[in-house]
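Enquirer: Got a structure for you, written out below as structure tokens; questions coming shortly.
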Amino acid sequence: MRKIYTTLCIVLVIATSAFSAPILPPSASFMWALGGGGASGRDDAADVTTDGNGNIFIAASFSGSATFNGLTVNGAAKGSGQNFDKSLLIRKMSPSRTNLWSIYSNVGVFVPVAIATTKDGSLIVTGSVRAVVNTAGQTTTANIVDAAGTVTTFSGLGSGSVFVQTVVAKFNPNGIVQWVKEINSSATKDSLVEPSAMVVDASDNIYLTGVFAKTALFQAATPISISSNDSLQAAFFAKLDGATGNALWVRTTSGGIITENFKGLALGSDGVFVAGTAKNKATPVVVNVGPTYSFTPSISTSLFLIKTDFDGMPIFVQSRASLSKNAANGDIRVKEIVVKDGKVIVGGSFRGDYGGFQFTSQTLSSASAALNGFLAAFNVTDGTDVWQKAIIAPAITEIIGLANGFDGKIWAHGTTYNALGTSIPAGDCAFGNGVVLTDATNKFGDLFLASFAPSDGSAGEAHWTGKGTGSETANAMAASGSNMYLASTSNSSTLSFETPGNSYTNLGSFDFVFQDYNIAAAVGLDQVRTDAVSSYFDLASRSVVVKNAGEYSSVSLFDLTGRKVGTSKASNADEIRFNNLQQGVYVIGATKLNGNRVSVKVAVQ
């Protein structure tokens, strides 16, 4: 007995010394990385999401064949050109990264754009398809193959990039196809219709944005057709029925300008937020949004933010312009938006060296050689400015993905090219508030993860999440409990992660990479921890024990996916036990009698 007690004391010291650091600002730590692809062609990450059970879904495009997490999928053969055609791969994995099933394509081109899950764990997929000309000179079809091997074929497609069409499909939790819908330019499929972003609401309705060149035809009980003013690109916004895939309504901007694109899409409590960019003609064209709203983009680029009700009727329209009047130089790129604490926060990049980015009370600008990352917060009620900030490195910095952390922070995944050849020396990437990622070497592109306070945009921390000698590009991110899942693409021969001994060796030219970072805080605990929770792991009973239970009004235990695995109201007893736990790391979250919220991690051996 004495020997067991000595062992328990050692475990207690390890648990409290390793995991008792303050939780605000939170500390994100690298957990794992999985890369995949093939020896030929380019393989790119597209999106990542999770379901209510913590299962992980990854979406990527690949050339020829792709190996990921030990399984290989064969895609489309080479066309008449020298390059492979892009194929779809979607993989579902358990929280422990066990492969569950795959969806893929092996004819024509299918490039995934976005994935999302419904409340029952079904998967919604959207992407673009087109045909190719094979080595025999024949124009192919394109397809998608579900987890049971059922093939859905898309025929009548053109083979050029200007003939891309949109697909939206639903698969049940076992990866079996439920329905597939095409959104085509017309019966002849002779012009571009391409998706941009997608979200799913609590009733499984699907909100979808995209771009089209001339017309777009949506499947419904009565098909819905929309048109742009002329042959230039216009944007669409649609709501689809999750049970059938039929369109419930479709909205569009007026078209007739050089570029319109909705890249950001998020749900609020009383409506839907859509963010994007527009670039006007030399003789500006007014963009109409619904029957009563309009704005005029600049001839460089303008950001615009639209809020609609759930029927797609505009509540407000806001736009912010690049100050450059030279259409070749001004550049604003919207990549993602999130809604948090009464604000809608937009992330992307802008050119700061050609006049900057104009907001109501300030201009974002810099002397960087090309692009600067930005975050901009707007009031959810009327779209007025709240705060803005720039993320700056010597050459190129872009925020690509945003996610709401369960710790109350906004987390951003992005890319920084800290040098351009030898003309722009390498340097640091500054996030503000003294948060800097230091890098004095000449890189083509590295990956970062950073946190920001939604109240004012102040930076909390930043991490290099992938470094190599080649080009790294962030693609997407998703939050699930205390996990932040990152999707990116790399062409470095070896991609290194910030935890020593962890790296990925590239299989070909470009590979897709997915990572998990864990935020070291307890679910729902968003205040500074003033003292540690007195706790330990009891090896004999495989229990986590919280001592001095009378000091707390409630105590809960969470796994690292954020799932609550136990809860108890404290009593006058000396201790609380959470029994029969599997090996792993858990987070104890407790509320003290004085109202202070405290947390600590404890390892179950």
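Enquirer: Select from Phe62, Ala148, Thr126 the residue farthest towards the positive end of the dipole of the range 34-198; place +1 on Cβ of Lys and Arg, -1 on Cβ of Asp and Glu, and compute about the Cα centre.
Expert: In the range 34-198, that residue is Ala148.
Enquirer: Among Met31, Met313, which comes first, then next, by fewest other beta-carbon atoms within 10 Å?
Expert: Going from least to most buried by this count: Met313, Met31.
Enquirer: Ranked by Cβ crowding within 10 angstrom, fewest neighbours first, how are Ser225, Ser556, Ser40 ordered?
Expert: Ser225, Ser40, Ser556
Enquirer: I would also like to ask the following. Taking other Cβ within 10 Å of each residue's Cβ, how do Phe68, Phe163 sort, fewest first?
Expert: Phe163, Phe68
Enquirer: In addition: With charges only on Cβ, +1 for K and R and -1 for D and E, what is the dipole size of the range 34-198 about its Cα centre, in debye, rounded to 20?
Expert: Taking the Cα centre of the range 34-198 as origin, the dipole is about 140 debye.
Enquirer: Right, next: Using amide H atoms built 1.01 Å from N in the peptide plane, name the residues 5+ places from Gly271, or on other chains, whose amide H lies under 5 Å from its own.
Expert: Counting only residues 5 or more places away or on other chains, the set is empty.
Enquirer: Nearest 0.05, what FRET efficiency do Thr363 and Val162 give at R0 = 51 Å with Cβ-Cβ as r?
Expert: Rounded to the nearest 0.05, the efficiency is 0.85.
Enquirer: Scan around Ala220 for amide H atoms under 5 Å from its own, H built in the peptide plane at 1.01 Å from N, and keep only partners 5 or more places away or cross-chain.
Expert: Result for Ala220 returns Ala247.
Bear in mind these aren't lab numbers, they're just calculated from the coordinates by the rules spelled out. Computed from a predicted model, the values in this text were never measured in an experiment. Cβ atoms come from the backbone with ideal geometry, glycine included; neighbour counts cover every protein chain shown.
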